[in-house]
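The values are calculated or read from the model by the stated rules, or taken from the named source; none is laboratory data. Keep in mind that this is a model prediction, so the values were computed, not measured. So basically every Cβ, Gly included, is an ideal-geometry build from the backbone, and we count neighbours across all protein chains shown. Just the protein is used for accessible areas: all its heavy atoms, side chains included, with ligands, DNA and RNA removed. Shrake-Rupley method; radii C 1.70, N 1.55, O 1.52, S 1.80 Å.
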Protein chains: 6
Amino acid sequence: MSEKPISRFPPPELAGLPEDVRERIEAVQEKSGFVPNVFLALARRPDEFRAFFAYHDALMEKKGGLTKAEREMIVVATSGPNHCLYCVVAHGAILRIRAKDPLIADHVAVNPLKADVTPRQRAMLDFALKVAARSHEVDEADYEALGREGFSDEDAWDIAAIAAFFAMSNRLANAFSIRPNDQFYTMGRERRN
Amino acid sequence: MSEKPISRFPPPELAGLPEDVRERIEAVQEKSGFVPNVFLALARRPDEFRAFFAYHDALMEKKGGLTKAEREMIVVATSGPNHCLYCVVAHGAILRIRAKDPLIADHVAVNPLKADVTPRQRAMLDFALKVAARSHEVDEADYEALGREGFSDEDAWDIAAIAAFFAMSNRLANAFSIRPNDQFYTMGRERRN
Amino acid sequence: MSEKPISRFPPPELAGLPEDVRERIEAVQEKSGFVPNVFLALARRPDEFRAFFAYHDALMEKKGGLTKAEREMIVVATSGPNHCLYCVVAHGAILRIRAKDPLIADHVAVNPLKADVTPRQRAMLDFALKVAARSHEVDEADYEALGREGFSDEDAWDIAAIAAFFAMSNRLANAFSIRPNDQFYTMGRERRN
Amino acid sequence: MSEKPISRFPPPELAGLPEDVRERIEAVQEKSGFVPNVFLALARRPDEFRAFFAYHDALMEKKGGLTKAEREMIVVATSGPNHCLYCVVAHGAILRIRAKDPLIADHVAVNPLKADVTPRQRAMLDFALKVAARSHEVDEADYEALGREGFSDEDAWDIAAIAAFFAMSNRLANAFSIRPNDQFYTMGRERRN
Amino acid sequence: MSEKPISRFPPPELAGLPEDVRERIEAVQEKSGFVPNVFLALARRPDEFRAFFAYHDALMEKKGGLTKAEREMIVVATSGPNHCLYCVVAHGAILRIRAKDPLIADHVAVNPLKADVTPRQRAMLDFALKVAARSHEVDEADYEALGREGFSDEDAWDIAAIAAFFAMSNRLANAFSIRPNDQFYTMGRERRN
Amino acid sequence: MSEKPISRFPPPELAGLPEDVRERIEAVQEKSGFVPNVFLALARRPDEFRAFFAYHDALMEKKGGLTKAEREMIVVATSGPNHCLYCVVAHGAILRIRAKDPLIADHVAVNPLKADVTPRQRAMLDFALKVAARSHEVDEADYEALGREGFSDEDAWDIAAIAAFFAMSNRLANAFSIRPNDQFYTMGRERRN
């Protein structure tokens, strides 16, 4: 494993963290087999940690018209133009797993316009990319384009909110140089039959 | 008062909101004399509302090396290039009040490079604007530039985190067309003696 | 009042100015109650002063299909992307007064795409913003779009010429750091009934 | 000669123009042997014509620290990035003649950074290009850089004002599709010995 | 003639070059009356020289649906935004000669959107400019737009390949500061009758 | 394996290709175990195929101061901003293998500024990225920066030429939608001990 620091800011001692923060970290470790570095990097600010993951879960784990794979697709597509190594690599891994597609993450990260996605997903990504890069130009025509692909207004909110949340995450991970765990690079790359 | 909708998404009935959300809204109304539209616009998603304001308070109300006026200065400076009417107008009002300066918000919103700020504040804004616009280029030299103006590493985290949080807020307010309350436009414009 | 210099270049003594220049300055002072700083800043070059204000008046005071409020709207909308503090603040004040609308200037300065304007005014601003930012792409389709909203060819000339004139003004005010008078910040902000 | 229209707006009949405008046009024809199209294109608005050329002459014909060739160099360098065919071709011709250099105009129009100019001229062009493209970033360091090459503050004003004036001219010529006269393309291209 | 170096890298002695490279250079000298500097600048790397000119000839000299003038038009139009002095000046000369039009090269170099070209040529240039600047956005709609103007799929390949080849050439000429020969500036500028 | 077309243009029948082209394709198949799609996609134009691969080999296989891994690093770093899926994925695989580093390709593709590279390699990538994106700004200071890291002038030529060649390749692969072979995605991702 790399011996590089996981972030520009040293991570806290797990033992000294508030119990709820430590439990959240232990839960993800149990589930994934390792602790994604963003958990350790943000834990040194427990109040921000709690709000960040509460917001993350409210958007990424909720029920709704978007599949979990589609939500990750939004994350990877909008993180590419922000050059966020952590989000492209870590959420790329989650996207490959959730979409059961070993190629999709690289497609979406490098050029969503030529990615193997459905027309519905392309409309979703077009909206997300507009929110990420030029949100002041979003107008009713954008919502109508989503509607034509079967997205409800609540779905549109979800797409915009995920794009907005990762606009924040990308900037945190970049400014703090949060490093993706080595495990993410290879997860989900095996081909299913 | 304007009769324009406060957002593209209709606000919820206050009566139907979870109690903690309603109490938060009533508290801000009592303190400010009106409910800033962002509270109503986000309340239709209670979980997101709770996370958004918990995060906001963790960054904007905490103790630390930045004054409350300086935090608002970061908000206004980074919201300008994102063309976010809600954040420029609402946080511009708060900035004028906290800085006790009727001119500062327009300065910072239109062109932070020519604003009447101290060299220390200019360094703070330079860092915040870099996080907002090109976070992937942030490097150790940026932290050193902050250090030369007396900012600690914890202050640097605060500046970056505020810039990142409002990168999210700007995109939400723009994508949902959240309208600033009329009251904000004139707050804090009177000259103190 | 601020004691900051009104410009990077020191203003001339009024007494030493050519009579026509001094009279123009005294006239604006009588009408407005103060001398907008751009008059003092440019007066140190009397020939340029005369040409500048002759051009300004030919475009902004002439009869034609655009109201005076609409002309100021063009100024504010195109000055925003150029980050010109003087023009946004000073012409923002004039726009509020001429449009009898205390909110319109901030709308148009921060994001004309989401401003409370009529479809006709939106077409006018779209054309003006294109002339300001990418005039080499202006083509006959742009004139036709104006025509569909009832603008004549002479109106189109006016819109383009105002956008072009303030492309110049923005650059002068920025390069010379011309400071808006404190009075402009609050003019026209009271609500009419 | 081309039979293409000289501008999107039809030029006026010379006979119907105010006497001072007609005289100005006849004077340039006598001096140059033809009427540059910008004179005809703008003459349909006599007040604007008068102000435009008064301003032009105040900047381009005055005495001062810049040679006439250097003033034209500023025009060509700043008109290139604005893709203004009229200004690049017409002022390119004047630049070749005034600089007695058949190559300089293409150099400066295509890439001022690699043009055959003196370090002093390069500093002048750097400042002019900054005024043209990002005037809101101009600060005291830019004036000091000019000073180090021997430019006075009055020279700096001239450079900025010429760049600003042609920011306007470029937009007018582009928006109105003003066509350079065929004569300009070959003027000054012969090599001197 | 200029005594400036033809490139940042000194050209090789002709006598020491491999025979095929020297013969190619002598052939162009015989045909043109001088050796275009790009031949000398690249000859110091014979393998690269051979591949470069083999590629060039395969694209520029082959038979196909594009005239030789149209191919040069693509070169000039895409070299303008890359600020490549060598390609704009040298291929501008060739374009003037092949198109028998003394004005076309300046038109296309300064602003292809307002150049005197046919609708078919405009479609060709739109495609070439998209390949040059944002090739990742090219999609089937772009090929269809070419088809509507009568271009075959093989023509589309040619347009894209020429734009791509000169994306390379522009970067070589810029990075190595290859200087256009003085002869190119005036070639083809005389008017035909 | 994917059943998606390997390019927008159908590949030729191997049997019908000129013998040298077919042999080159068979050689790469023997060496790699599969035929990279760019060989098939370009083979329909044998002359262009020959020149492309001759140029490629002259730059990528030659001796010189850059290691083969460093050359691939330049390809991946410059292909990222061009959103070229083929080059990022295929050359990312080759980079991982040549550098014996399973993480380096994602680092360099997503954000070269935060990649785990040596200061020497960072200087190399800075120069390559400048040639790729703003070659007209390259000047002697850039060559000096390379020299300070021990690069010779011939190395500088190599870096620039590789960046330029892949500026072409990226545009070809994007315009023709050349698809990376599935094999590339996983090559070289295993960790060495």
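So what's the net charge close to B:K63: Lys and Arg +1, Asp and Glu -1, counting the other residues with Cβ under 11 Å from its Cβ? Please list the in-between numbers first.
Values: positive: B:K62, B:K68; negative: B:E61, B:E154, B:D158.
Residues near B:K63 contribute -1 overall.
Which percent of the Cα-Cα distances in chain B go past 28 Å? Don't jump to the answer; show the numbers that get you there.
Numbers: 4712 of 18528 pairs.
The calculated P(r) of chain B puts 25 percent of pairs beyond 28 Å.
Over the whole of F:28-39, what's the average partner chain Cβ count within 10 Å per residue? Rounded to a whole number, please. Mind dumping the intermediate values first?
Working: counts 0, 0, 0, 0, 0, 0, 0, 0, 0, 0, 0, 0.
Shielding by partners across F:28-39 averages 0.
Output the peptides B:114-120, D:174-180, A:9-15 sorted from most to least packed, where packing is the average of other Cβ atoms within 10 Å over each peptide's residues. The partial results should precede the final answer.
Working: B:114-120: 15.6, D:174-180: 25.1, A:9-15: 13.7.
Highest-to-lowest ranking by the protection proxy: D:174-180, B:114-120, A:9-15.
Pick from D:M124, D:M60, D:M168: which residue has the top mean-square fluctuation in a GNM of chain D where Cα pairs under 10 Å get a spring?
Sorting by GNM fluctuation, first place goes to D:M168.
If you line up the long axis of helix C:68-79 against the longest principal axis of chain C, both from Cα atoms, how many degrees apart are they, to the nearest 10?
That works out to roughly 80 degrees.
Report ³J(HN,Hα) in whole Hz for each residue of the stretch E:30-38, in order, from the Karplus equation J = 6.51 cos²θ - 1.76 cosθ + 1.60 where θ = phi - 60°; Gly and Pro get x.
4, 6, 9, x, 7, 9, x, 4, 5
Please get the size of the charge dipole for the protein assembly as shown, origin at its Cα centre, with Cβ charges of +1 on Lys and Arg and -1 on Asp and Glu, quoted in debye to the nearest 20. Don't jump to the answer; show the numbers that get you there.
Numbers: 156 positive and 174 negative charges, 1 e Å.
Computed about the Cα centre, the dipole is about 0 debye.
Considering only E:T67, E:V88, E:S152, whose Cα is most displaced toward the positive end of the charge dipole of chain E, charges sitting on Cβ of Lys, Arg (+1) and Asp, Glu (-1)?
Value: E:V88.
Alpha carbon centre of the stretch E:122-155 versus the stretch B:48-66: separation in Å?
Here the two parts' Cα centres lie 50 Å apart.
Could you pull out every one of the aspartates and glutamates with an alpha carbon less than 14 Å from that of F:K100, ignoring same-chain neighbours closer than 8 positions?
Excluding near neighbours in sequence, the set is F:E70, F:E72, F:D116, F:E190.
Provide a whole-number value for the mean count of partner chain Cβ atoms within 10 Å of the Cβ atoms in peptide F:176-188. Show your work: numbers first, answer last.
Values: counts 7, 4, 0, 4, 4, 0, 3, 0, 2, 8, 6, 0, 0.
Partner-chain Cβ atoms within 10 Å, mean over residues of F:176-188: 3.
Provide the packing ranking of A:24-31, F:106-113, i.e. peptides ordered by the mean count of other C-beta atoms within 10 Å per residue, highest first. Could you put the intermediate results ahead of the total?
Details: A:24-31: 13.5, F:106-113: 25.0.
Listed from highest to lowest mean packing, they are F:106-113, A:24-31.
Principal axes first, then extents: for the Cα atoms of the stretch C:56-124, list largest minus smallest coordinate on each axis, whole Å, largest first.
28, 27, 20
Once the mean 1/r over all distinct Cα pairs of the stretch A:47-88 is inverted, what Kirkwood radius in angstroms do you read off?
Numbers: mean 1/r = 0.0881 Å⁻¹.
Averaging 1/r across every pair of different Cα atoms and inverting gives 11.4 Å.
How big is the C-alpha Rg of the stretch E:78-189 next to the rule-of-thumb value 2.2 N^0.38 Å, as a ratio? Display every interim value, and only then the final one.
Values: Rg = 14.3 Å, N = 112, 2.2 N^0.38 = 13.2 Å.
For the stretch E:78-189, the normalised Cα radius of gyration comes out at 1.08.
Can you pull a Stokes-Einstein diffusion coefficient for the protein assembly as shown at 4 °C (1.567 mPa s), Rh from Kirkwood over Cα pairs, as a whole number of µm²/s?
Numbers: Rh = 31.9 Å.
Value of D from the Cα-based Kirkwood radius: 41 µm²/s.
How many Å³ per residue does the convex hull of the Cα positions in the stretch D:1-90 occupy? List each step's numbers first, then the result.
Details: hull volume 11.1 nm³, N = 90.
Convex hull volume per residue, Cα atoms: 123 Å³.
Can you give the translational diffusion coefficient of the stretch B:85-133 in µm²/s, computed by Stokes-Einstein from the Kirkwood radius over Cα pairs at 25 °C and 0.890 mPa s?
Roughly 220 µm²/s, to the nearest whole number.
For the stretch F:109-114, in order, what is each residue's ³J(HN,Hα) by Karplus, 6.51 cos²θ - 1.76 cosθ + 1.60 with θ = phi - 60°, in whole Hz (x at glycine and Pro)?
6, 7, 7, x, 5, 10
Mind listing the label-point distances from E:R120 to the same position on all other copies, shortest first, one decimal in nm, points 7 Å along Cα→Cβ?
4.4, 4.4, 5.4, 5.6, 7.0
What is the stretch C:62-173's relative contact order, in percent, from Cα pairs under 8 angstrom and six or more apart in sequence?
Details: 124 pairs, mean separation 38.7, N = 112.
Taking the mean separation of contacting Cα pairs over the length of the stretch C:62-173, I get 35 percent.
Once the Cα gyration tensor of the stretch F:139-193 is diagonalised, what are the square roots of 5 times its eigenvalues, in whole Å and ordered largest first, as equivalent ellipsoid semi-axes?
Working: eigenvalues 190, 84, 10 Å².
Value: 31, 21, 7 Å, ordered largest first.
Count, for each residue of B:159-166, the Cβ atoms from other chains sitting within 10 Å of its Cβ, then give me the mean as a whole number.
Details: counts 1, 5, 9, 0, 4, 10, 7, 3.
Taking the mean over all residues of the peptide, I get 5.
Probe of 1.4 angstrom, ligands and nucleic acids ignored: what's the accessible area per residue over the protein assembly as shown, in square angstrom?
Values: 44380 Å² over 1158 residues.
Computed with neighbouring chains in place, this is 38 Å² per residue.
Over chain F, what is the relative contact order in whole percent, taking alpha-carbon pairs under 8 Å and six or more residues apart? Write out the running numbers ahead of the final one.
On the way: 235 pairs, mean separation 58.6, N = 193.
Here the relative contact order equals 30 percent.
Given the rule -39500 (n - 2.57) for each run of at least 4 DSSP H residues, summed and divided by the residues of chain B, what is its mean residue ellipticity at 222 nm, to the nearest 500 deg cm²/dmol?
On the way: 9 runs with 118 residues, N = 193.
-19500 deg cm²/dmol, from helical runs alone.
I need the chymotrypsin sites (Phe, Trp or Tyr not before Pro) found in the stretch C:1-49, filtered to DSSP loop residues with at most 14 other beta carbons within 10 Å of theirs. Don't skip to the answer; put the middle values down first.
Details: sites: C:F34, C:F39, C:F49; in loops: C:F34.
Passing both the DSSP loop test and the Cβ count: C:F34.
For the stretch F:108-154, what D do you get in µm² per second when you plug the Kirkwood radius from alpha-carbon pairs into Stokes-Einstein at 20 °C and 1.002 mPa s?
Values: Rh = 11.1 Å.
The Stokes-Einstein estimate is 192 µm²/s.
Contact order normalised by length for the stretch C:1-61, with contacts defined as Cα pairs under 8 Å and 6 or more residues apart; what percent is it? Before the final figure, lay out the partial values.
Numbers: 37 pairs, mean separation 21.0, N = 61.
Relative CO of the stretch C:1-61 lands at 34 percent.
Show me, for the stretch B:8-19, the HN-Hα J-couplings you get by feeding each phi into the Karplus relation (A = 6.51, B = -1.76, C = 1.60, θ = phi - 60°), rounded to Hz, glycine and proline as x.
Along the stretch B:8-19, the couplings run 4, 9, x, x, x, 5, 4, 4, x, 7, x, 4 Hz.
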